[in-house]
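Taking it in order: structure first as C-alpha cells, then the write-up.
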Amino acid sequence: MTNLTKKYRQTLFFFVLLFSALQSFAQKPADPKLDKMPAALETDYALSALPPQLRPGATIYLLDPAKGYYVARKGSNGFICFVMRTAWEWGEFRNDVITAISYDAEGARAIFPIYQDVAAMRASGKFTALQVRDIVVDRIKKGVYKAPAKPGLSYMLGPIMRTYPGKPDKHNVMTMEMPHYMFYAPYLTNADIGNIPDGQADGPVLVNPEAMFLGKNKAPYGYIILLAGEKERAKIVADNKSLVKRLADYRSFMKI
C-alpha cells in the first residue's frame, strides 16, 4: 500500500491497545466547560487539517462556546475546516478534546451539520451530553441526517490531535501524531473490506463509532482511514513545529 508501512501501523495500534488496557487507571475528570481558543491559533490549527494547496480557498469555521460554530472566512473551493471540540458518540462533555478536521463539499453538506447542531446544543446549556447523543442517534434513524450521497474524503493532516483512540465504551483520550485521510464509507463493515479489527492485519482501517448505537450495517458516517506515509507524516510534523508549540503552550495536554 502506498506510503503506509506495517511498522507504523503496528506502532499506532500498540498504543491504542495499550491505552485500552490501562482503562483501570482512570484519568482525572476533565472540566466540561469549553473555553474559546484564541482565534489565530484556532484558524491555523483548523487549516492544518488540509493540504497546503486547498487552504487559501477553504471556508473556516471557528467555535464560539456560547453559541456554536460560525463562519470566520468564506471560501471558494468547497472545502471547509474547523476544530472539533465535542465527540458526540462518547456521550460526555469535556474540554480536552481538540482535533482539526476538514471536509470536501459533500462532507460539508452531509456530515458537518451534525457537528454544528451538537455544538449549538452544547452551547445552549439545555441538554446533557447523553441527551445530545440520543438526539443525534434519533435524527440519524429518522433520516434527518443522511449519509454522503457520493464518494469523498476528509483530510485530517494536522500535526497532532487529541481525541478518543477507542470505541465509545472507552472514555480515555490521548494526544497523538496521526495525520491521515478519511474516505466516506457509509454502512460499511470491516468484514466488507477484508480487514481484521484492532490492528491484527496491515491495511486500511474502518471507523464507524455510531454503529454501536445504530446496529450492524446501519451507520451512515463510517470512514475508511489511511494513515499518511512515514515520510509525509515526518514532513507534516516538521513543517508545523511552531503550531505544535503554540498548541502545547495553549493547553499542556496538547503536548506529546
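Each residue in region 128-144 was checked for being buried (at least 17 other Cβ atoms within 10 Å of the Cβ) and out of contact with any Pro (no Cβ under 7 Å at 6 or more places or on another chain), and 5 pass.
Taken over region 215-256, the criterion of being closer than 21 Å to Pro151 by Cβ and either more than 19 Å from the chain's Cα centre (by Cα) or of a type in the set (Ser, Thr, Tyr) (or both) is satisfied by Asn217, Lys218, Tyr221, Tyr223. Within region 26-37, residues that are within 14 Å of Phe253 (Cα to Cα) and among the polar types (S, T, N, Q) sit with their Cβ atoms under 7 Å from residues that are modelled with pLDDT of 70 or more and surrounded by 11 or more Cβ atoms within 10 Å (Cβ to Cβ), at 6+ positions apart or across chains, in these pairs: Gln27/Asn172. Count of region 34-84 residues, restricted to those that are in a helix (DSSP H, G or I) and of a type in the set (D, E, K, R), is 2. Tell me yes or no: at least one residue of region 178-197 is surrounded by fewer than 16 Cβ atoms within 10 Å (Cβ to Cβ) and part of a helix (DSSP H, G or I). No: zero hits.
Within the option set Val83, Val71, being of a type in the set (Val, Ile, Thr), surrounded by fewer than 17 Cβ atoms within 10 Å (Cβ to Cβ) and at pLDDT 55 or above holds for one residue only, Val71.
Screening Ala21 against (1) at pLDDT 90 or above; (2) farther than 20 Å from Met254 by Cα leaves a single unmet condition, (1). Kindly indicate whether any position in region 213-233 is at pLDDT 90 or above, more than 28 Å from Asn95 (Cα to Cα) and acidic (Asp, Glu). Yes, region 213-233 contains at least one residue that is at pLDDT 90 or above, more than 28 Å from Asn95 (Cα to Cα) and acidic (Asp, Glu). For Arg55, the stated conditions hold: it is surrounded by fewer than 20 Cβ atoms within 10 Å (Cβ to Cβ), over 14 Å from the mean Cα position of the chain (by Cα), basic (Lys, Arg) and closer than 14 Å to Gly158 by Cα. From the list Ala248, Ala211, the one residue that fits, being free of Cβ contacts under 8 Å to residues at least 24 places away in the same chain and closer than 19 Å to Asp96 by Cα, is Ala248.
Thr175 passes every criterion in (1) in contact with a His (Cβ under 7 Å, 6 or more places away or on another chain); (2) at pLDDT 95 or above apart from (1). Does any residue of region 132-147 turn out to be more than 18 Å from Pro209 (Cα to Cα) and of a type in the set (Lys, Arg)? Checked against the condition, which is being more than 18 Å from Pro209 (Cα to Cα) and of a type in the set (Lys, Arg), region 132-147 yields at least one hit. Here Lys167 meets each of (1) part of a helix (DSSP H, G or I); (2) within 30 Å of Ala234 (Cβ to Cβ) with one exception, condition (1).
Scanning region 109-123 for residues that are over 14 Å from Met84 (Cβ atoms) and either out of contact with any strand residue (DSSP E or B) (no Cβ under 6 Å at 6 or more places or on another chain) or surrounded by 21 or more Cβ atoms within 10 Å (Cβ to Cβ) (or both) yields Arg109, Ala110, Met121. Taking the listed residues Lys150, Lys167, the one that is more than 30 Å from Tyr250 (Cβ to Cβ) and not small (Gly, Ala, Ser) is Lys150, with no other qualifying.
The values are calculated or read from the model by the stated rules, or taken from the named source; none is laboratory data. Fair warning: this is a prediction, and the values are worked out from it, not measured in the lab. Neighbour counts are summed over all protein chains in view; Cβ atoms, including those assigned to glycine, are modelled from backbone coordinates with ideal geometry.
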